[in-house]
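To start, the structure under review is shown below, and the notes come after it.
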Amino acid sequence: MYKTVALACLAVLLAGCAGTEAATSPAPSTPAPTSSAMVSTTPTPVVKDATVYLPVEDDVDKAGLSVETKPIAYVIGEHTPFHLLQACGGLPSDQSVQRAAQGINYVPGGGKGAFYQLVAEYAGVTGADVVASVKQATACRKATFHDEQFAIVGDFSVPGLSDPQAGFCANLRPGYLVRCVLVLGHGNRATSITFEGKWSDSVKAVKALATKTAPLYVAAFDHE
């Protein structure tokens, strides 16, 4: 009997010790929730739109011109291929365009002149490369505007520019609808500005208009 009681007491004592150990043992640690302050908040770099290289409306107004078409991105696709300039079949660099933009301005008063601009950014091609290819392309002395072929009748340049440039003037026929084109290169981009005079303006008159107005476009195009 005493043996039975002793064993029973021993069993109760062991159970009590086990209960005490369980009560005093630390609970398994749970990972602390991640603090929102620890999550990276580094902003994603903002990619510039190519329209930043075309003049804004305020600058157009200050130059005495008006905006006909605000700068918009050029959607390059199967049915809307991009051509910075169409002369002797176009430019090989057009295939390297990553993004582009376009805009149209005009001289107020009706029929006094319009300015068409295209700007493009390239992959693996510099603006200087594009300008050099323009000089080669215009060797045929023909250019196409709105599916009509013009004869190139002379070259021109704008003095005082640091960017590589190539310029020429063309007309549909002698004494009729002259257009002068200025192509500039800067970094990995290039732009073409087509200056269109009145129907009867001479080459000299349109060239003077192009030279006078070019700084407006150069300032925006060289913007970093």
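Skip the ligands, DNA and RNA, and give the accessible area per residue of segment 86-183 with a 1.4 Å probe, whole Å². Working shown, then result.
Numbers: 4430 Å² over 98 residues.
Per-residue accessible area for segment 86-183 comes out at 45 Å².
What residues qualify as long-range amide H neighbours of G154, i.e. H under 5 Å apart, gap of 5 or more or another chain, H built at 1.01 Å from N?
Hits under the 5 Å cutoff: C169.
Straight-line reach only, C-alpha to C-alpha below 18 angstrom: list the lysines that K70 could link to, leaving out same-chain residues fewer than 8 apart.
Answer for K70, where 18 Å is the Cα cut-off: K48, K62, listed by chain and number.
How much FRET efficiency would the formula 1/(1 + (r/R0)^6) give for E57 and E78, where r is the Cβ-Cβ distance and R0 is 25 Å, rounded to 0.05?
Efficiency at R0 = 25 Å is approximately 0.20.
Excluding residues on the same chain fewer than 8 positions from K207, give the aspartates and glutamates whose Cα lies under 15 Å from its Cα.
Within reach: D155, E196.
How big is the gap, in Å, between the Cα center of segment 76-110 and the Cα center of segment 45-75?
15 Å
Would you work out which of A73, Q95, Y122 lies farthest towards the positive end of the dipole of segment 63-129, given +1 charges on the beta-carbon of Lys and Arg and -1 on that of Asp and Glu, about the Cα centre?
Sorting the options by dipole projection puts first A73.
Full-extension gain between V67 and Q98, please, as 0.36 nm times their residue separation minus the C-alpha to C-alpha distance.
Between V67 and Q98, full extension yields an extra 8.6 nm.
The values are calculated or read from the model by the stated rules, or taken from the named source; none is laboratory data. All values reported here derive from a predicted model rather than from experimental measurement. Every residue, glycine as well, gets a Cβ built from its backbone with ideal geometry; the counts of neighbours run over all protein chains shown. The area values use the complete protein model at the heavy-atom level, side chains included, leaving out ligands, DNA and RNA. Shrake-Rupley method; radii C 1.70, N 1.55, O 1.52, S 1.80 Å.
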